[in-house]
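These notes are about the structure you will find just below.
The values are calculated or read from the model by the stated rules, or taken from the named source; none is laboratory data. Every value quoted in this text rests on a predicted model; they were computed, and no experiment measured them. Every residue, glycine among them, receives a Cβ derived from its backbone with ideal geometry; neighbour counts consider all protein chains shown. Side chains are part of the model used for accessible areas, which takes the heavy atoms of the whole protein and leaves out ligands, DNA and RNA. Shrake-Rupley method; radii C 1.70, N 1.55, O 1.52, S 1.80 Å.
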Amino acid sequence: MNYVSVENIAKSFGERILFKNISFGINEGQKIGFVAKNGTGKTSLLNIVAGDEAPDEGQVVYRKNLKVAFLPQEPDLDPNLTIEQTIFASDNEILQVINAYEKALQHPDDAEAYQKAFEQMDANNAWDFETQYKQILFKLKLEDLNKKVSDLSGGQKKRLALANILLSKPNLLYLDEPTNHLDLEMIEWLEEYFAKENFTLFMVTHDRYFLENVCNEIVELENGQLYSYKGNYAYYLDNKEARVANEQISTEKAKQLYKKELDWMRRQPKARTTKSKSRIDDFYEIKERAHKRRNDHEVQLEINMERMGSKILELHKISKSFDNNVLLDQFEYVFKKGERIGIIGKNGTGKSTFLNMITGNVTPDQGKIVIGDTIKFGYYTQRGINIKEGQKVIEVIREFGDFIPLKKGRQISAQQLLERFLFDRKKQYDFVEKLSGGERKRLYLCTVLIQNPNFLILDEPTNDLDIVTLNVLENFLLDFPGCLMVVSHDRYFMDKIVDHLFVFRGNGVIQDFPGNYTDYRIYEDSKAPKEKEKTIETSETKGKNTWKQETKVALSYNEQKEFNRIERDLKKLELQKKEIEKLFEDGNLDGDKINDESQKLQKIIDQIEESEMRWLELSEKMEG
């Protein structure tokens with residue numbers, strides 16, 4: 001079933017054409033990952049398809065009565081509401097069903113209205129709505145339901161907006177970087193949620209494991225053209241590589257033909273026939289194909305960074321607390337040459353504070369930090385770049401340096417570094433204020449690298465970077481010969497770059513783990529069975545006959561789903577049992593058939609008994 005048809009849309013800013021004649025469709029059940037370089041129109045196309053922006057040409061046609069939700073980068077929430085009030089202020093259809101039911105309770109004489117409201121509660125699974133929203137808010141670390149939106153951080157607001165749209169259960173969901181501001185535990189939960197819920201998705205994300213585990217199609221915008229790959233991220237990589245190889249073969253053939261036709265053009269007399277005019281037109285088309293080149297840059301550098309002495313960085317029993325929140329407690333570590341350490345942990349466990357202590361921006365409460373004389377830090381923070389009005393891209397870089405020295409007396413200039421990070425010569429003379437958010441992050445990264453540090457510290461470097469830039473950055477870091485410390489929730493990036501982890505577990509506990517993120521997950525999964533999900537009990541409510549009290553829910557979200565599923569399954573099993581019993585009553589079965597049906601019947605009876613036992617167990621928990 002087609003949900004959305006995008007027909008010949010175009011978008012420009014002044015003389016700059018982002019894309020034109022773009023057409024595609026979104027069908028029920030598709031989970032589409034949309035990838036493109038920053039600054040090529042990715043956000044504009046997403047906003048157009050989601051209805052937040054108008055195209056210059058073309059149209060977007062929606063199926064009638066389609067329920068759509070959009071999670072933008074900067075959600076618009078009422079700052080005067082609390083977290084819980086924000087959930088109840090949304091236009092969620094389930095809330096409308098609950099309100100209708102509560103009104104029906106106030107008029108018990110209208111039996112027909114009550115019956116209709118009751119059936120709608122059942123049909124929309126509205127009885128356990130409170131459990132659902134509390135479970136989702138708990139998973140997204142928004143436990144303080146009375147906290148005002150105005151007191152939330154940018155990341156918390158994004159997570160609250162995400163909770164709201166998940167609870168609205170739309171047919172089609174648009175997501176702009178949904179994993180930004182989520183820690184690794186939240187991202188993995190969201191992956192599982194999308195895997196089991198029947199959403200149709202169209203999303204922009206740079207999280208390649210998320211694309212791999214959630215999406216069944218990748219759509220790429222490149223040089224104004226749209227390419228579709230009917231598979232996950234691994235399938236996209238394989239097939240894009242094949243497409244690029246074919247394009248290169250085609251370009252080489254065009255170059256050879258171009259040389260031949262160029263020679264013909266030079267020999268042509270001034271008087272030209274109709275046939276020669278046609279051939280001239282073909283010549284210009286061949287010329288365009290022959291001069292087509294890709295802008296992907298392979299980074300292969302032998303960086304000649306400043307020499308590192310034997311003493312690099314030593315942490316001696318460092319501790320840090322804020323009020324009663326212990327972030328580090330007597331932590332010790334001596335860094336060695338060439339170490340590549342990843343830092344992971346839940347939000348608020350002290351990862352950024354740890355980096356700020358090492359770089360001298362925060363003072364430890366106790367302990368000593370010793371930095372070697374030869375160490376030169378390059379620190380990429382989450383704050384980003386300070387934009388000066390009227391400053392051009394190349395001018396920003398040259399404030400920090402003109403080149404990076406390479407081995408054998410070579411060097412890479414500021415211009416060449418910018419080119420490697422996908423700023424072509426024309427773009428280098430653009431004003432910084434014209435850059436997209438992702439392009440600014442890319443420029444900030446270049447200002448850190450041009451200073452030629454021998455100890456790189458990167459705090460969430462992958463946020464807002466497109467996949468193409470991430471590949472460039474990864475290649476650069478793989479060539480980097482110094483020490484590297486990275487905080488990131490990008491699992492793909494961590495697996496590729498680091499070989500050692502500091503796991504921040506909270507309450508000052510930091511685990512030193514040898515291996516990358518995938519190694520750590522395998523270790524954690526094998527170490528012990530997962531803890532049971534925390535049960536979220538419903539709040540006490542005043543008065544009687546409210547929808548919340550009637551459910552008496554003391555089950556976790558998954559247990560409530562299981563309880564509802566068992567009830568449905570028991571009905572089906574009872575029907576199957578009756579059908580087989582009727583066959584025996586009819587007496588038309590031969591010997592082999594009797595044996596087969598007897599085995600089926602016994603299997604169904606066993607399933608019914610097992611399901612009833614579990615149903616009773618959950619019922620007792622609800623009533624308790």
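Below is a table of values for the structure above.
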read-out	value
Subset tally (residues that are in contact (Cβ under 8 Å) with a residue 60 or more places away in the chain and hydroxyl-bearing (S, T, Y)) for the stretch 414-438	1
Residue count, the stretch 324-382 (criterion: open to solvent by 70 Å² or more (accessible area, probe 1.4 Å), part of a loop (DSSP other than H, G, I, E, B) and under 30 Å from M186 (Cβ atoms))	6
Every residue from the stretch 406-430 that is surrounded by 15 or more Cβ atoms within 10 Å (Cβ to Cβ) and outside any helix (DSSP H, G or I)	I412, S413, F421, L422, F423, D430
Qualifying residue in the stretch 608-624 (condition: open to solvent by 80 Å² or more (accessible area, probe 1.4 Å), of a type in the set (G, A, S) and under 44 Å from the mean Cα position of the chain (by Cα))	yes
Qualifying residue in the stretch 594-601 (condition: farther than 30 Å from W127 by Cβ and among the aliphatic types (A, V, I, L, M))	yes
Cross-chain or 6+ apart pairs with Cβ under 6 Å, the stretch 121-139 first and touching a residue at least 40 places away in the same chain (Cβ under 8 Å) and surrounded by 21 or more Cβ atoms within 10 Å (Cβ to Cβ), then among the polar types (S, T, N, Q) and in a loop (DSSP other than H, G, I, E, B)	E130/T538
Residue that is surrounded by the fewest Cβ atoms within 10 Å (Cβ to Cβ), among those in the stretch 140-164 that are at pLDDT 90 or above and among the small types (G, A, S)	S150
Positions within the stretch 24-48 being open to solvent by 30 Å² or more (accessible area, probe 1.4 Å), under 15 Å from E220 (Cβ atoms) and modelled with pLDDT of 90 or more, in sequence order	F24
Matching residues in the stretch 199-249 - criterion: being open to solvent by 50 Å² or more (accessible area, probe 1.4 Å), assigned to a loop (DSSP other than H, G, I, E, B) and within 15 Å of F34 (Cβ to Cβ)	N216, K230
Among (1) open to solvent by 40 Å² or more (accessible area, probe 1.4 Å); (2) part of a loop (DSSP other than H, G, I, E, B); (3) farther than 29 Å from K434 by Cβ; (4) in contact (Cβ under 8 Å) with a residue 12 or more places away in the chain - the single one F400 does not satisfy	(3)
Members of the stretch 342-363 that are of a type in the set (S, T, Y) and under 13 Å from F331 (Cβ atoms)	T349, T353
Per-region count, the stretch 517-530, residues modelled with pLDDT of 85 or more and either surrounded by fewer than 11 Cβ atoms within 10 Å (Cβ to Cβ) or touching an Asp or Glu at 6+ places or on another chain (Cβ under 6 Å) (or both)	2
L172 being free of Cβ contacts under 8 Å to residues at least 40 places away in the same chain, open to solvent by less than 10 Å² (accessible area, probe 1.4 Å) and of a type outside the set (G, A, S)	no
Residue, nearest to N2 (Cα to Cα), within the stretch 56-99, restricted to residues that are open to solvent by less than 40 Å² (accessible area, probe 1.4 Å) and part of a helix (DSSP H, G or I)	I94
Cβ-Cβ under 6 Å pairs, at least 6 apart or on other chains, the stretch 592-616 side closer than 11 Å to Q576 by Cα, far side of a type outside the set (A, V, I, L, M, F, W, C)	I604/Q576; I604/K577
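A quick yes/no check of all residues on (1) open to solvent by 10 Å² or more (accessible area, probe 1.4 Å); (2) at pLDDT below 85; (3) part of a loop (DSSP other than H, G, I, E, B):
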{"residue": "L445", "(1), (2), (3)": "no, no, no"}
{"residue": "P453", "(1), (2), (3)": "no, no, yes"}
{"residue": "I457", "(1), (2), (3)": "no, no, no"}
{"residue": "L465", "(1), (2), (3)": "no, yes, yes"}
{"residue": "L484", "(1), (2), (3)": "no, no, no"}
{"residue": "Y492", "(1), (2), (3)": "yes, no, no"}
{"residue": "D495", "(1), (2), (3)": "yes, no, no"}
{"residue": "V503", "(1), (2), (3)": "no, no, no"}
